[in-house]
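The values are calculated or read from the model by the stated rules, or taken from the named source; none is laboratory data. Values in this document were obtained by computation on a predicted structure and should not be read as measured data. When we count neighbours, we look across all protein chains shown, and the Cβ atoms used for this are built from the backbone with ideal geometry, even at glycine.
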Amino acid sequence: MAAESIIVSCPHCGAKNRLPANRWGDGRAVCGRCKSPLPPSRLYPDRPVRITDNTFAGEVLGFEGPVLVEFFSPRCGHCQRLAPVLYDLASAYAGKVKFVTLDIDQDHMIASQQGVNGTPTLFFYNRGRLVDRVVGAVPREELVRHLEGLKG
Ligand SMILES: [Zn+2]
């Protein structure tokens, strides 16, 4: 997972930057061409990006569009089965829905505030408001239904 990289378009000059996915979320990434900061909260990555309790507010509540948040545990078999589905859907919905994941073994504050008590749990936000939720590793078609319901 640490070796995964993502393509991020610079909002300033439009250059496409390839960044390690784990670096991109730290808020310090800059464009290789013009050195402008690449603000994660304004962008839709083409795959799920890790967030933490500390970045949740900026990445999810402060985001102007739809966000899918996966609360997961690395030890959870259902999460491991769901991961490739989420990767695939993040790519299919790139530019439309932002996908983020929160490891609740490392960061449990937001999860417990939100009443998450199992993994995987998916929360759907739109413009900072929790609008939908799914518990468990549901089939792809069901996720698509929820994602379609997020738009508009
Ligand atoms: Zn740039």
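One line per residue, one yes/no per condition, for (1) modelled with pLDDT of 85 or more; (2) more than 24 Å from residue 115 (Cα to Cα); (3) within 13 Å of the ligand (Cβ to nearest atom):
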| position | (1), (2), (3) |
| --- | --- |
| 12 | no, yes, yes |
| 31 | yes, yes, yes |
| 49 | yes, no, no |
| 68 | yes, no, no |
| 79 | yes, no, no |
| 83 | yes, no, no |
| 87 | yes, yes, no |
| 94 | no, yes, no |
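Taking the conditions (1) out of contact with any strand residue (DSSP E or B) (no Cβ under 6 Å at 6 or more places or on another chain); (2) touching a residue at least 60 places away in the same chain (Cβ under 8 Å) in turn, residue 125 satisfies each one other than (1). Just one of (1) exposed (fewer than 15 other Cβ atoms within 10 Å of the Cβ); (2) more than 16 Å from the ligand (Cβ to nearest atom) fails for residue 121. It is (1). State whether the residues of the range 105-119 include one that is of a type outside the set (Gly, Ala, Ser), modelled with pLDDT of 95 or more and closer than 14 Å to residue 68 by Cα. No: zero hits.
Restricting attention to the range 33-44, which residues are within 16 Å of the ligand (Cβ to nearest atom) and either modelled with pLDDT under 80 or not in a loop (DSSP other than H, G, I, E, B) (or both)?
Looking only at the range 33-44, we keep the residues that are within 16 Å of the ligand (Cβ to nearest atom), and these are 33-40, 42-43.
Hits for the range 33-44 are 37, 38, 39, 40, 42, 43.
The single condition among (1) touching a residue at least 12 places away in the same chain (Cβ under 8 Å); (2) loosely packed, with under 14 Cβ neighbours inside 10 Å; (3) more than 12 Å from the chain's Cα centre (by Cα) that residue 91 does not satisfy is (3).
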